[in-house]
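Below: the structure, in C-alpha cells.
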Amino acid sequence: SGHEALAEEARERGRMFGWQPPVVSAGLDLILNFARRSEISRAEGLVSETSEAIQTVGGWHRWLFGLRLAQARAELALAREDWSAALRWAQQSILQSRARRRVKYHVAGLTARAKARAACGRTKEALADLHRALKLARPVGDPAMFLRVCRPLLQLAGDDGLQDEAHAAAHRIC
C-alpha cells in the first residue's frame, strides 16, 4: 500500500507538470503491484491508459516502457491464470530484454514464462527457464530479483542449499 501511494503521487505530479515518463513508469509499477496482489481488475484498468501514454513518450523511454509493459502484461495474465497470454507476453519480454541487454527484465520474463509453463504441466521446460533466470540473477546481486526466481524454483524442485540462499537473501532485504 505504501508503494501504491507513492506511485499514485508520481502519476499525479507527472500529470500536473505535463511530463509523461513518471505517469507511465508509475502506471507500470501499479500494474505489476496489483497483478502480484491478484487485484486483477485494478491492474487491467491501467493497461490501456498506460499503453496509450507510452505512445506519447519518445527516446529511450518508449522502448523501455514497451518492454516493461510486456512484462506487466505477462504477470497480469499469470494472475488471471491465462497461461497462453502469459506465455505470449513473457516471450515478448524475453525477446525485447535480450535485444536490449536488460538482465532484470530477461530474468522476469523467464520467470513468468516458467510459471506459465509449470501451470501447463511443462515442468521440465519451466525448470530450465528458472535455472537460466537464476544464472542471470545471481551476479546482479539484487536480493529481490533473486528471490522472485527462487520461489517458483523451490516450489517445483526443492533444494536445501537454494532454500538457505533464499533465506539469507530475505534476511538481507529485511
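Name the residue, out of Gln91, Gln20, Gln155, whose mean-square fluctuation peaks in a Gaussian network model built on the chain with Cα pairs under 10 Å.
Of the options given, Gln155 has the highest mean-square fluctuation.
Relative contact order for the chain: what percent, with Cα pairs under 8 Å and sequence separation of 6 or more? Numbers along the way, then the final one.
Working: 218 pairs, mean separation 22.8, N = 174.
Contact order relative to length: 13 percent.
Helix-derived [θ] at 222 nm for the chain: sum -39500 (n - 2.57) over DSSP H runs of at least 4, divide by residue count, nearest 500? Could the numbers behind the result be given before it?
Details: 9 runs with 148 residues, N = 174.
Helices in the chain give a 222 nm mean residue ellipticity of -28500 deg cm²/dmol.
Might you tell me the accessible area per residue for the chain, computed with a 1.4 Å probe and given in Å²?
On a per-residue basis, 54 Å².
I'm checking a number: the convex hull volume of the Cα atoms of the chain, normalised per residue, in Å³. What is it?
For the chain, the hull spanned by Cα atoms encloses 115 Å³ per residue.
Are there any GluC sites (Glu not before Pro) in region 1-109 that are in a DSSP loop and have at most 16 other Cβ atoms within 10 Å? List them by number.
Here the GluC sites (Glu not before Pro) that fit, given the DSSP loop and packing criteria, are Glu39, Glu81.
Determine, at each q value in 0.11, 0.13, 0.22 (inverse angstroms), the log₁₀ of I(q)/I(0) that the Debye formula gives when each Cα of region 67-170 is one equal point scatterer.
Computed log10 I(q)/I(0) values: -0.29, -0.41, -1.12.
Express in % the proportion of alpha carbon pairs of region 1-92 at distances exceeding 23 Å.
So the portion of pairs separated by more than 23 Å is 19 percent.
At Arg138 and Gln163, where each label point lies 7 Å from the Cα along Cα→Cβ, what is the point-to-point distance in nanometres?
Using points 7 Å along Cα→Cβ, the separation is 2.0 nm.
Along region 130-147, what does the Karplus equation 6.51 cos²θ - 1.76 cosθ + 1.60 (θ = phi - 60°) give for ³J(HN,Hα), rounded to whole Hz, x for Gly and Pro?
Going residue by residue, I get 5, 5, 5, 5, 5, 4, 6, 6, 3, x, 5, x, 8, x, 5, 4, 4, 5 Hz, with x marking Gly and Pro.
How much of the accessible area of the chain, in percent, comes from carbon and sulfur atoms when a 1.4 Å probe is used?
52
The values are calculated or read from the model by the stated rules, or taken from the named source; none is laboratory data. Keep in mind that what you see is a predicted model, and the values were worked out from it rather than measured. Positions of Cβ are generated from backbone atoms using ideal geometry, with glycine treated the same way; all protein chains shown enter the neighbour counts. For the accessible areas, the whole protein counts, side chains as well, though only heavy atoms, and no ligand, DNA or RNA atoms are used. Shrake-Rupley method; radii C 1.70, N 1.55, O 1.52, S 1.80 Å.
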